[in-house]
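One structure is given below, encoded as structure tokens.
The values are calculated or read from the model by the stated rules, or taken from the named source; none is laboratory data. What you see is a predicted model; the values in this text were computed from it and never measured. Please note: Cβ atoms are built from the backbone with ideal geometry, for glycine as well, and neighbour counts cover all protein chains shown. Surface accessibility is based on the protein's heavy atoms, side chains included, excluding ligands, DNA and RNA. Shrake-Rupley method; radii C 1.70, N 1.55, O 1.52, S 1.80 Å.
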Amino acid sequence: MKQPISSDFKLGILGGGQLGKMLTLAASNIDVNTYVLDPNGECPAVTTCTGLTVGSFNDYDAVYQFGQDKDVITVEIESVNIDALRKLEGEGKEVYPDTNSLSIIQDKGLQKQFYKDNKIATSAFALYEDTDAIKAALANGTVTYPFVQKLRTGGYDGKGVAVLKNEADLNLLLEGKSVVEQMVDINKEIAVIVARNIKGEVKCFPSVEMEFNPKANLVEFLFSPAAISDAHEQEAEQLSRSIVEHLDFVGLLAIELFIDNNGEMFVNEVAPRPHNSGHQTIEGNMTSQYEQHLRAILGYPLGSTAITLPSVMINILGEEGYEGNVIYDGIENCMAVEGANFHIYGKKITKSFRKMGHATVIDKDLESAKKKANYIKEHLKVIA
Ligand code: ADP
């Protein structure tokens, strides 16, 4: 591979959302040129990348053309045109993560089957073609309440997931090919970000704990480190290592895990890219997840993942009921909070629960960081 630093090397990134933006910022720190493909000419990465191509990362021709003059191609979103990437790979382009891993991860059905085939703990599941097939399975007792239905493709941030507790919830069933999973009696939701580089070196970030917004089914707070036992921490790391090894994965993989009320751990799902559950690494760990991804795919040694200070990450979400030109009401007071670091993604329009930015509070202990993060939640309102 051509020397990526301070040269005419071109890193191509499919997607220019907030994850793409933060990836380009990390690349800029080590003077690596980044070129982004995104359908939106005003996407978050437009101000930070070396060059933006406006086009769809789901479109075969757009991705194939985009890849022609890039040295390495990576993604900040998993819903991309894999056929085009496969063609580029076949022509000798370096694509990380590889298309085999991407195609398994893109489809929640194939993902679950991968865990089962490799004896990686995950909740029991079955695959269904449509809602009629699920209703038939309910009628003959193959599926029983409560259960979770997930569309195999296209879901994100809780969209494409339905939780059915009893017959009264039947109207929540989603149309399309789906996975039906046994409901896990969740005690904690944690995440591990693991990186594997081209040479096969693997490093895990210590696990973090997630707390969800009850209305929007997306992460509101993230705590680093997670309050779990050493045994659970080791188990999470072993599961994460086993997944990247079995996939022969290169890049960053975010692993979402459940710990149930009996202390059993299950893999929920993975994402083949920097992830919401790793934002706090920018200020709270020795190496950020974004730099780690670059190290992994550009052939460098992985950085230390050690926590430097406890941290709480809060997603800055669009206030419910507001849509239009964004206003960050109350941000002055919040920026006065000691140890609070703001990342505003640059989306012009706010919508109910849209991810508009995040803040990471670092502090000497997690309890004081939590108090400060709560202050920010109470005082910062994203309105129009
Ligand atoms: P997404 O890809 O949209 O984030 P997830 O698979 O992570 O979808 O599911 C969203 C949320 O739904 C999870 O964070 C968890 O709270 C809940 N959930 C998902 N699967 C299960 C399950 N098998 N049992 C209980 N809750 C689940």
**Complete:** Output for Cβ contacts, cut-off 6 Å, separation at least six or different chains, first residue on the phi < 0 side of the Ramachandran plot in region 130-143, second open to solvent by 50 Å² or more (accessible area, probe 1.4 Å), reads THR131/GLU175
**Message:** What pairs come out if I take residues in region 257-270 that are more than 14 Å from SER240 (Cα to Cα) and pair them with residues that are more than 12 Å from the ligand (Cβ to nearest atom) and part of a strand (DSSP E or B) whose C-beta lies under 9 Å away, six or more apart or interchain?
**Reply:** ILE259/MET265
**Message:** Among the residues that make up region 6-22, is at least one of them among the aromatic types (Phe, Trp, Tyr) and more than 23 Å from the chain's Cα centre (by Cα)?
**Reply:** yes
**Asked** Hey, which of the helices (runs of 4 or more DSSP H) in region 275-384, taking only ones fully inside, have at least 2 residues that are open to solvent by 50 Å² or more (accessible area, probe 1.4 Å) and more than 20 Å from GLU76 (Cβ to Cβ)?
**Response** 331-335, 366-379
**Request:** Taking only region 310-364 into account, find how many residues are of a type in the set (Asp, Glu) and closer than 18 Å to HIS279 by Cα.
**Result:** 1
**Request:** Starting from residues that are open to solvent by less than 10 Å² (accessible area, probe 1.4 Å) and among the small types (Gly, Ala, Ser), keep the ones in region 254-274 and report whichever is nearest to the ligand (Cβ to nearest atom).
**Result:** ALA271
**Fill in**
Those residues of region 81-94 which are open to solvent by less than 10 Å² (accessible area, probe 1.4 Å) and either within 14 Å of the ligand (Cβ to nearest atom) or within 18 Å of ALA271 (Cα to Cα) (or both) amount to LEU85
**Request:** Go through LYS215, LYS199 for me and flag whichever is assigned to a loop (DSSP other than H, G, I, E, B), modelled with pLDDT of 95 or more and surrounded by fewer than 16 Cβ atoms within 10 Å (Cβ to Cβ).
**Result:** LYS199
**Asked** Among the residues of region 153-169 satisfying the criterion of being more than 9 Å from the ligand (Cβ to nearest atom) and out of contact with any Leu (no Cβ under 7 Å at 6 or more places or on another chain), which is nearest to PHE212 (Cα to Cα)?
**Response** LYS165
**Fill in**
The correct count of residues that are away from the ligand (no atom under 11 Å from the Cβ), among the small types (Gly, Ala, Ser) and under 20 Å from GLY155 (Cα atoms) in region 175-207 is 2
**Request:** Looking for whichever is under 24 Å from LYS21 (Cα atoms) and more than 19 Å from the chain's Cα centre (by Cα) here; the options are LEU298, LEU317, LEU294, LEU253. Which one fits?
**Result:** LEU298
**Asked** Out of curiosity, is THR144 within 16 Å of the ligand (Cβ to nearest atom) and modelled with pLDDT under 95?
**Response** no
